[in-house]
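Written out below as structure tokens is the structure these notes cover.
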Amino acid sequence: MITTRDLPPVGRLPDMAGAGTGPVPGLRYLRNAGPARQGPQGPAIPGPRRHLPADAVSRRARILVLGAGPGGLELSAALSSALGQDADIVLMDKADGFVFGFSSLDIMFGKRRLAEVFHPYRAIDKPGLRFVQATISSIDPQARRVDTNVGSFAGDIIVMALGAGLDAAATPGLVEAGHEFYTTPGAFAVRDVLARFGGGRVIVGVTSIPFKCPPAPSETALLLHDYLTERGLRSHSAISLVMPLGTPIPPSPAASRALLAAFAERGIAWHPDRLVDRLDPGRKVAVLSDGTQMPYDLFLGVPGYKIPPAIQQSGMAAGGRVPVNPLTLETGFPGVYALGDVTSVGTPQAGAAAEGQALVVASQIISRLRGTPGAVTYDGRETYYLEFGRNLVGRVNVTFSSGQAPYGDLQGPSQLIAADKADFAADRIQRWFDHPRDHRQGSISKPQRKLGTATGVQ
């Protein structure tokens, strides 16, 4: 499943023309992003501006980071590393802990327990940073104010890293007669279903485009083959993969060829260029976008997505995305940034994009608070890990450039890259939570389930 590329320790800004302390992979140095430009959704996207209050440098600027996924965690860690107690960084999320997206596959195939992959946000211990567990009800980008179930928060800067939610109900029959596996609860439900599964026809099907984590359906089909083989069920089971893409990984022909070869070797039926429109619960049939009907015994579905209601109702969204400056990721509202799933930059909805964009936003914010030039800009380079099963993992490097078709390569697959993926996870947890931890061991503590209620503007 998609992860993010291997990045240097937080707080390192690019070294160019004598500035900074070292390079940041995937980020391009630009001293002046220029005037306003036309955004992908139509509204003019502003270039960089000095928009902070006049006293923001002399006092502790408050930075509200909405969402504690890979993007929000990377941004918060970078800001804390660079600014420390000079800033009041508030990281918000409705959940009480973090689970890597790729851990859903480990859970559903019985490789990991929740205690091994759950990381409680209350374990975060960084200067200038505090976590608030809260459900966001509204965002006022003009006033830079956020209303939540535990109170209201005003900030000098807001960064939206909330990600996109899944909408299984948008596909008729999916909730009643299928299973989504992208969420942690969904992965646990599929784990229990698989434990009772005695073999038969399995469809891994995508129900919407675009969809989150594009490599995940292919990974699921390959890992399912291993799972059924280990249980002695593969010989009387059929696995079909239905995707709306012409190849499994369009930006990387090499990765697509390797996946198609793996499908052929393992007897996985590949059905490209179509979606699953609906499921017929009574007949246990998946109806595809071209009218094809596929009977199944087990359906594993990739749901469509929707942006959070608070962003939709804020007036910032257009066409289901938030228009941003593609270089700086600032919205049309001064002091308000967006990164990850909800942005208009056109990269896949994945942790790789969110983490890379987080370093860009961190650099922009640090540069403005300090009044110094040299902020980095986003160039769309990302790296993903790609599971091939049999303890083999590949690494795909992709570049998404404005006005150009995305392109990428493939390294591996190999067991060496599989080990690198495990190290990647452990490195991120230590970096984001500031405690030594092997991601493959147990959780350091149980999650905190409730937070005291706050009142007033904080």
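Throughout, read-outs are computed from the coordinates displayed, never taken from laboratory work. These numbers were taken from a predicted model, which means no experiment stands behind them. FYI the Cβ positions are ideal-geometry reconstructions off the backbone, even for glycines, and counts take in every protein chain you see.
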Legend entry - Leu233 paired with Asp290, simple spin-label distance in nm, labels 7 Å along Cα-to-beta-carbon: 2.9 nm
Legend entry - Cα centroid separation, segment 204-257 to segment 72-151 (Å): 30 Å
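Can you put Ser76, Ser344 in order of Cβ neighbours within 10 angstrom, beginning with the fewest? Walk me through the numbers on the way to the answer.
Numbers: Ser76 28, Ser344 22.
Least crowded to most crowded, the residues run Ser344, Ser76.
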Legend entry - Within segment 271-316, trypsin sites (Lys or Arg not before Pro) in DSSP loop having at most 15 other beta-carbon neighbours inside 10 Å: Arg283
Inset, instruction - Compute the signed sum of charges (Lys and Arg +1, Asp and Glu -1) over the other residues within less than 12 Å, Cβ to Cβ, of Asp290. - result: -1
Legend entry - Above-threshold pairs, the threshold being 27 Å between Cα atoms, out of Lys306/Lys421; Lys212/Lys284; Lys212/Lys421: Lys306/Lys421
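Taking the Cβ of Gly205 as the center, what net charge do the other residues with Cβ under 14 Å away carry, scoring Lys and Arg +1 and Asp and Glu -1? Numbers along the way, then the final one.
On the way: positive: Arg201, Arg274, Arg278, Lys284; negative: Glu180, Asp273, Asp277, Asp280, Asp290, Asp297.
Net local charge, Gly205 excluded: -2.
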Inset, instruction - Translational diffusion coefficient, Stokes-Einstein: compute it for segment 166-305 using the Kirkwood radius over C-alpha pairs as Rh, at 25 °C and 0.890 mPa s, and state it as an integer in µm² s⁻¹. - result: 164 µm²/s
